[in-house]
1. Could you state how much accessible area is buried at the B-A interface, both sides summed, with a 1.4 Å probe, in Å² to the nearest 100?
2. Any idea what angle helix A:111-124 forms with the longest principal axis of chain A, computed on alpha-carbon atoms, 0 to 90 degrees, nearest 10?
3. To test your reading of the geometry: what angle, between 0 and 90 degrees and rounded to tens, separates the Cα axis of helix B:65-96 from the longest principal axis of chain B?
4. So what is the relative contact order of chain A, in percent, for Cα pairs below 8 Å that sit 6 or more residues apart?
5. Total Lys pairs in region A:119-251 closer than 14 Å by alpha-carbon, pairs eight or more apart in sequence or interchain only?
6. So what is the accessible area of chain A per residue, in Å², with the probe set to 1.4 Å?
7. To the nearest 0.05, what FRET efficiency results for residue B:171 and residue A:155 with a Förster distance of 25 Å applied to their C-beta separation?
8. With each pseudo-label sitting 7 Å past Cα toward Cβ, what's the residue B:158-residue A:115 distance in nm, one decimal?
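The values are calculated or read from the model by the stated rules, or taken from the named source; none is laboratory data. Computed from a predicted model, the values in this text were never measured in an experiment. Don't worry about glycine lacking a Cβ; one is built from the backbone with ideal geometry, like all the others, and counts go over all protein chains shown. Areas reflect the complete protein model, heavy atoms only, side chains present, ligands, DNA and RNA absent. Shrake-Rupley method; radii C 1.70, N 1.55, O 1.52, S 1.80 Å.
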Amino acid sequence: MPTEDNRPIKVEVKNLTKRFGDLLVLDHMSFNIRKGEFVCVVGPTGCGKSTFLNCLTRIHMPSEGDLYIDGVPADPKKHNISFVFQEPSALPWLTVADNIAYGLKIKRLPKEETEQRVNQILDLMGLQEFRNAYPGELSVSAEQRIIIGRSFAMKPDLLLMDEPYGQMDVKMRFYLEDEVIRLWKELGSTVIFITHNIEEAVYLAEKVLILTNKPAKIKEEIVIDLPRPRDITDSRFIAYRNDITDKIKWW
Amino acid sequence: MERMNGEPKALRNVLYWGLPVLAIGLIAIGWIAFSGSNPDLMPSPAAVWSRFIKTFTKPIAKTTLIGHAWASLKRVLLALMAAWAFGISFGILIGWNKKARAFFGSIFEVIRPIPPIAWIPIIIMWFGIGEFPKILLVFIGTFVPLVINTSTGIEMVDRINIQVGQIFGGNSSQILKDIVIPTALPSIFAGIRTSVSSGWTTVLAAEMLGANAGLGSLVTRGWQGSDLSLVMVAVITIAVIGALLSVILQKLEKVVCPWNH
Ligand SMILES: Nc1ncnc2c1ncn2[C@@H]1O[C@H](COP(=O)(O)OP(=O)(O)OP(=O)(O)O)[C@@H](O)[C@H]1O
Ligand SMILES: [Mg+2]
């Protein structure tokens, strides 16, 4: 049995409801995410996973319900949030290095610190040789690594990722999965990670939130009680994976 | 990635260098043939060349060809600088601010279809035929394309790019400066390109109606004095300067918007 979790609450969602016109997408969702928790969100295609994350950052305003980060309404100017969008979102007019530095410049970090973090991220993401290239000149996977790098560079308290590794080949995905875990452990960040890939969810998460079909509700929260580094061939790992897969299929 | 269309690269290079040369060659041959058979309608290249030399040895209105070209250029550049400053700012304003768009947009829609040349009579009546009215006329002709291109570029900004700015905590002036304006730069630059060519055309029209210096005044002078060679000299100079301006702008665009290729 997992021990009682008494970390303070980082994200509090109460009765979150979102409609686009007549289309009900999120239906009275309530749950908490604790400080330093790594949560994966899975659910059927088009059920409202991105919408949920976009409400959290106030890209969309919730139709009803309350949403707090550290007890106050989410505000990117106050909280140190990083977001990896599902769609490509590198800024085409900035070089790879400037894209990674983008958030740091807004936060007015000292120049040397910015320089040093950008270099570290370029190495981490294997983008050093492209530092002066423009995103439009790179492959989809490389562009996605810019965006992931841009969010890691912020050393965020709250890291939100919307299917960040969907475009990656398996090798790159495994590598970046370990990197996000490393970042999470190093910084003690809270991570909300949306994925289609159940294996990825079980590999990464402390807790998996399963959403129902649209309109999305929380169907179940599953605590993944496996030691790290996790072994995807381990029988308990596979049992978790199959269990979640079934729960998504049978709504 | 380059699309392969079967032609070897070397052949393609020859083709794309050769075709423009061929086109210019054909025009030259046509000119020689036409002026040979209709000497009163079209002076020969040799006659134009000697007229060209004469603009330096025997200045017109105490000004050489260079002086006339500079007079026209100076007017265009002064007007352009004013138009860039005001047109781009105004375009950003109505592209970004919905209230400003609602207010100015309608006025602008009315003024927009008026060709710059149509302003000539009004402007001459109000301001005479001095330096200022010519510059004003060019300003009017270049202001419009700048505003249109700038505001369209601003409106086209990708929603997701603005969201990136918001997520990383940018305030609205940072988002305007770091996200919206860079997105609009290629389109602003297209406006600058249009403004230069339309400014160049407008200044010549203005000068043709009354000026004692400028390439447009040379055209009128040659026309009224039945000096067709002078007209040709002026026209070719106009074309060459127009082409040079456009080459300079192309180079400049690569410097200002390096990602856009
Ligand atoms: N801005 C919007 N306006 C109207 N409808 C929207 C908007 N954004 C999303 N939707 C609708 O909301 C529903 C949920 O979309 P959302 O993108 O949140 O799903 P998702 O779970 O992220 O899907 P995917 O697995 O494809 O990423 C969809 O039916 C979509 O059409
Ligand atoms: Mg989505």
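1. The buried area between B and A, both sides summed, comes to about 1900 Å².
2. Between helix and principal axis, roughly 70 degrees.
3. Between helix and principal axis, roughly 20 degrees.
4. Answer for chain A is 27 percent.
5. The number of close lysine pairs in region A:119-251 is 6.
6. Value for chain A: 45 Å² per residue.
7. Computed FRET efficiency for residue B:171 and residue A:155 comes out at 0.75.
8. 3.0
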